[in-house]
1. Taking the Cα centre of region 15-112 as origin and charging only Cβ (+1 Lys, Arg; -1 Asp, Glu), how large is the dipole, in debye to the nearest 20?
2. Take the alpha-carbon centre of region 293-330, take the same for region 138-156, and report the distance between them in whole Å.
3. If one computes the Cα centroid of region 194-245 and of region 29-66, what distance in Å separates the two points?
4. Order these peptides, 254-264, 113-123, by their mean beta-carbon neighbour count within 10 angstrom, highest first.
5. Using the eigenvalues of the Cα gyration tensor, what equivalent ellipsoid semi-axes result for region 65-309 when each is taken as the square root of five times the eigenvalue, whole Å, largest first?
6. Find the relative contact order for the chain and round it to a whole percent, using C-alpha pairs within less than 8 Å whose residues are 6+ positions apart.
7. Quick one: of the DSSP bridges fully inside region 65-309, what percent are antiparallel, nearest 5?
8. Mind listing P(r) for the chain? All alpha-carbon pairs, 10 Å bins, whole percents.
Amino acid sequence: MGSVTEVRSEVCAKDPAFDVYRIRNDFPILRRTVHGKPLVYLDNAATTQKPRAVIETLTRCYTEENANIHRGVHLLSERVTQAYEDARGKVQRFLNAAESREIVFVRGTTEGINLVAQTYGRQRVQAGDEIVLSTMEHHSNIVPWQILCEQTGARLRVIPMTDKGELLLEEYEKLLNERTKFVAVVHVSNALGTINPVRQIVEKAHRFGIPVLIDGAQAVSHLKVDVRQLDCDFYVFSGHKLFGPTGVGVLYGKAALLDTMPPYQGGGDMISSVTFEKTQYNVVPYKFEAGTPNITGVIGLGAAIDYLNSIDRDWMTTYERDLLAYGTEALSQVAGVQLTGTANEKAGILAFVMDEAHPHDIGTILDQEGIAIRTGHHCCMPLMQRLGVPATAWASLAFYNTREEIDALVAALDKVWRVFA
C-alpha cells in the first residue's frame, strides 16, 4: 500500500490546486480526537462534515443579519431575503436547472419525496396503477410510495438487482406498461455505493410517458449532477450530505409539473391572498414553502455550494475514485472481511461483513480506535434481505479522507479479527 505522502505527491502532481491536506484544514472537526485517538471520520454517507466557510456563514447569519424573509421592509429582512434567494440561484446553477423557480427548499430528501408523493402522486395515481422502485432504495424512497399505494389502491413493483449490486435493466423494462404511473430510483445507493444508470432509467420510462424521481442524496457530494442532461422530472437531495447544514434540502421539479401540483402544506408565504371563503395560492416555488423556512440552513447550503465550486470537481472525483480503489483493495486483504456491493460503477462506499463479528461489534471496537463508521441496515431493510444479511458495516468516503485513514481502518479491522477469530 502506498503511503499518504505518496498520495499527496501523486495528487498534487496531477493538480496542485487539489491538496487534500490543505482541504482538511478547512474542516475544524477533523483535528479533534476520539478516545484519545485522532478522529478518522468514515461516516460521510450518514452526514458530511462542514467546512469553516459554512460554519462562519451560519454564525454570521445569527450575529449580524438575523431576521425573517419575504415579509420585512427593514434592512435586516431585505438582506437575509436576498441571501436566501441567492442560495436558490446557487442551487439552480449547481444542478443546471432551467429556472430558479424549479428549486423548492424542503427539510431534506425525505420531505422532498413525500411532497411529490402527496401532491403529484395523489393527483394522478389510482387503484390498479403501479409505481416502480428498485431493490436498493432507502426507506425514505419506499415508505412514502407505500403510503400512497394504501391511499389509492396502487401497488409497488421492484427492479431486481444482481449479486454485485447492479440493477437489471432488462427486468426494469419488463415492469413498464400502461399501468405504470411513476418511477422513483436512487442515483447512488447509500448501502452499496452503486451508481445507477439513471439517464437510461429516465429514457426508458419517458418512452411510456412515465415521470421519474431521482433520489440524489448520496450522489450530489460525489458526482456532477445535471438535471437537464438527465431529463429527470424530479431530483431530491439533503444539504447535510453536501457539506451543508442539517434540516434543509432541495426538491428540483420541472416547472411545468410543479405548476400543476397542489400545495403540500398550508400557511404563511404559500399564499397570495386569503379570505374565509377562498385562498389564492402563491406561484412556485413559494407555493410549496409554507411558513418560516430554515433560513440559515438554506443560506448555509449556498455557502457549501460556494465552497465546492472553489474546488476542482473533476480532480476531486479522480481523487475519490483513487481512494475508493485503494480502500477496496485494502479491505479485500483483511482476514474475515467480505465486501458487499461490488458494482463496476461505484461512489465512495465500502460496505462489508466480517466472519463471526456482528457489524455493531465492529463499529464499537473501531470507535475505541477513533474510527467512525456506520453499522446496521442503513435504512435499507429490503436490500439487506436481498443480500441475505441482517446488517452490514460501511466506511463511506469524502474528498477530505486519506489513504492513511484507510490504513488505520485496516489496522483496526485486524484487531477485530483477532478478537473474534
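1. The dipole magnitude comes to about 360 debye.
2. 32
3. 27
4. Top to bottom by mean Cβ count within 10 Å: 113-123, 254-264.
5. 31, 22, 14
6. 23
7. 50
8. For the chain, the binned pair fractions read 4, 21, 29, 25, 15, 4, 1, 0 percent.
Taken together, the values in this text are just the output of simple stated rules run on the coordinates, not laboratory data. Quantities reported herein were computed from a predicted structural model and do not represent experimental measurements. Using ideal geometry, Cβ is built from the backbone for each residue, glycine included, and neighbour counts are taken over all protein chains shown.
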